[in-house]
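To start, the structure itself, in structure tokens.
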Amino acid sequence: MRITFVYPDFESLGVGYLMSVCRTAGHETEYVHYRAEDPYFDTRNRHLSFASVARAVADTRPDVAAFSCVTDNYRNQLHVAAEVKRLRPEVLTVFGGVHPTAVPERVLRRPEVDAVAIGEAEISFLEFLRRCPVRGGRVGLPAGPVKGLVFKKSGNRLGRLEEGPMVADLDSLPFPHKAPIVSALKDTGTFYSIITSRGCPFKCSYCFNSYCMHGRGGLSLRQRSVDNVIRELVWARDRFPLKYILFTDDCFTTNTRWLEEFCGRYRRELGLPFWCLTHPLYLNRDKIKMLKRAGCNSITIGVQSLSEEINARILNRQSDRRKIAEDIKTFKEFGILVQVDHILGIPDDSLELEEEAVRFYAENKPDILSVFWLTYYPRVAILDIARKKGILTGQDIDRLEEGLKITPGNFHLGGSVRDSKKFYGISFLLNTIPLLPKFLIRLLVRTRLYQRMKIRNFYLAVALPRVLISVKNKRDIIGRSNIRRFLDKWLPI
């Protein structure tokens, strides 16, 4: 059977894994990539033609067209699927990913969608393909239900709205099929993305993990062996011009014993600089030292809010200011570029709380302070909180489930925050903290002069400070690469 996978804008490791398991099972796979928008730079492809993308899909002559979706690209994927159906109505369209997993029944109502995969799909999608009958050269839908998929047959829904079986042993999966993705994404350059675990130790209320980790029988957090991870990286080094590794795990430093073994082997067998993401709860001086010796030159820690009350009552997170300050200091001591993620516009957030955060960051300066605005997504736990507080309506939630925005902002500026105007000044100040002397930051807060800096232009409020930070700090390899990517893709000479 021939399956064509369709994905826009960025690399999806999930698509890479699905292509790989399909190929291992004897199926043919194709990959169609298209550029729709880049939320990191608030840019859209004004020349995008969904009909052209659909023709590229149709030209691969697929039996099945597979569309992976997050909420932000769901509408674009629907447009492509509708055009594919117009050109080749016999092609089965299967939707999967975070958004379809959140609202499978709503996605299945769409006329351009034949089936929806819920949750991880390496096992369930293969079973679905195995049970699809082939008659007269055409592939049909299975006669009976397949766990983890729902589909339409004779006008009725077949299958239960439940996640498919999960892969207990991640080492059993083949390495993701990256060749067509790397070929399509010229701007990946020498970067290689890899994930060493699945799941997250936290259930933050704004994250999809707050709803998709139920009923998994203890399998939520799983980790590949160190040997399996090292083998993939050595395999990749022999095939791609990689010079920098991106570990995309939700929390890379959770397992101390695993980390110790990994850092030792990585240093000996790879020795390439890398970036990872973690949480202060899973950091200490020994771990930071291990990361540095292994080659970590940049790390992101998720702080999100410095209010212990908001963390505990709204975000379902733990927070310790003293620990965060200690970690920032230790990263700087070891020469690791430290980026802190911070969210504005959380329910019960206020200018007073954010001024307190500014004072903290002025004393404990990260190299990069990434300010994100709260953006609501379907089914996440924080929706209930926002609705009870009168921030969201039922109509808002319906729009989110349809993949539509409830405000014009994106996660870098405005987000889903309706009273965003009051935060624009503090947002600009937070973004510029790494560039400003401490006395000036204190002055701006004390006099509240920052409130006159309510800059709503993305390029001035967000992009410019980020560019200046990258120019100032040569260790910001990722930031410099993103700037080059922006210049190459959106400002061709």
(request) Could you run through segment 442-471 and say how many residues are assigned to a helix (DSSP H, G or I) and either of a type outside the set (K, R) or at pLDDT below 90 (or both)? (result) 20
(request) Hey, can you tell me all the residues within segment 69-112 that are small (G, A, S) and surrounded by fewer than 20 Cβ atoms within 10 Å (Cβ to Cβ)? (result) A82
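Listed here are the residues, each with its yes/no results for (1) crowded, with 18+ Cβ neighbours inside 10 Å; (2) in a strand (DSSP E or B); (3) in contact with a Leu (Cβ under 7 Å, 6 or more places away or on another chain).
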| site | (1), (2), (3) |
| --- | --- |
| I324 | yes, no, no |
| K332 | no, no, no |
| V338 | yes, yes, no |
| E352 | no, no, no |
| V358 | yes, no, yes |
| A362 | yes, no, no |
| P366 | yes, no, no |
| T375 | yes, no, no |
(request) Output the residue which, of all residues in segment 449-465 that are under 12 Å from L413 (Cβ atoms) and of a type in the set (K, R), is surrounded by the most Cβ atoms within 10 Å (Cβ to Cβ). (result) K454
(message) For segment 381-402, give me the residue count where each residue is assigned to a helix (DSSP H, G or I), charged (D, E, K, R) and either farther than 13 Å from S205 by Cα or in contact with a Cys (Cβ under 8 Å, 6 or more places away or on another chain) (or both).
(response) 6
(request) For residues that are in a loop (DSSP other than H, G, I, E, B) and either more than 30 Å from I195 (Cβ to Cβ) or among the small types (G, A, S) (or both), tally how many sit in segment 146-162. (result) 4
(request) May I ask you to list the residues in segment 53-69 that are touching a Ser or Thr at 6+ places or on another chain (Cβ under 8 Å) and of a type outside the set (S, T, N, Q)? (result) V57, P62, V64, A65, A66, F67
(message) For a quick check of your reading: which helices (runs of 4 or more DSSP H) sit entirely within segment 16-135 and have at least 2 residues that are of a type outside the set (S, T, Y) and touching a Pro at 6+ places or on another chain (Cβ under 8 Å)?
(response) 71-87, 98-102
(request) Select, from P176, P165, P201, the only residue that is under 30 Å from I382 (Cα atoms), in contact with a Gly (Cβ under 7 Å, 6 or more places away or on another chain) and in a loop (DSSP other than H, G, I, E, B). (result) P165
(message) Checking L246 against (1) of a type outside the set (F, W, Y); (2) in contact (Cβ under 8 Å) with a residue 60 or more places away in the chain; (3) in a loop (DSSP other than H, G, I, E, B): exactly one of these is not met. Which one?
(response) (3)
(request) Would you point out which residue out of L170, L149 is touching a Ser or Thr at 6+ places or on another chain (Cβ under 8 Å), farther than 17 Å from D249 by Cα, at pLDDT 95 or above and not aromatic (F, W, Y)? (result) L149
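The values are calculated or read from the model by the stated rules, or taken from the named source; none is laboratory data. All of these numbers come straight from a predicted model, not from anything done at the bench. Cβ coordinates were reconstructed from backbone atoms using ideal geometry, including for glycine residues, and neighbour counts include every protein chain displayed.
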